[in-house]
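Below is one structure, written out as structure tokens; the observations come after it.
Taken together, the values in this text are just the output of simple stated rules run on the coordinates, not laboratory data. For clarity, every value in this text was computed on a predicted model and none was experimentally measured. With ideal geometry, Cβ positions are generated from the backbone for all residues, glycine too; neighbour counts draw on all protein chains shown.
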Amino acid sequence: MSNVKYKVDGVEVSVEEFRQDEDRSAAEDFLVNAYQETLGDMVCSEHGEKTGYELNYESASGQCKIRTEACCENFDRDLNMALMMKMSEQAEASRSDEDI
């Protein structure tokens, strides 16, 4: 996957090293796909850069965390707004389903 930085316990590693572990590879697939589905192909209107991602696998907890990487503060703000809007839409849809 392009535009992805890989870390294990906060230390940057190669994609090959990250994917040596099945759990990390599965987490990458799930998290990056979920974010790409939510954000689509957002591109910075100012610089033309695509959304980047940073995956950080924490060995002690077995958790993998993702965060977006943006080329500038404005694009970072746009990404955060898009994520918040999508989460709000999903929460509203969930509440509507409960009312049925």
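Taking all C-alpha pairs of the chain, those more than 19 Å from each other amount to 50 percent. Name the residue from 88, 25, 45 whose Cα lies farthest towards the positive end of the charge dipole of the chain, charges +1 on Cβ of Lys and Arg and -1 on Cβ of Asp and Glu. Working it through, the farthest residue towards the positive pole turns out to be 45. Note on residue 5: lysines with a C-alpha under 23 Å away, same-chain residues under 8 apart excluded, are 50, 65.
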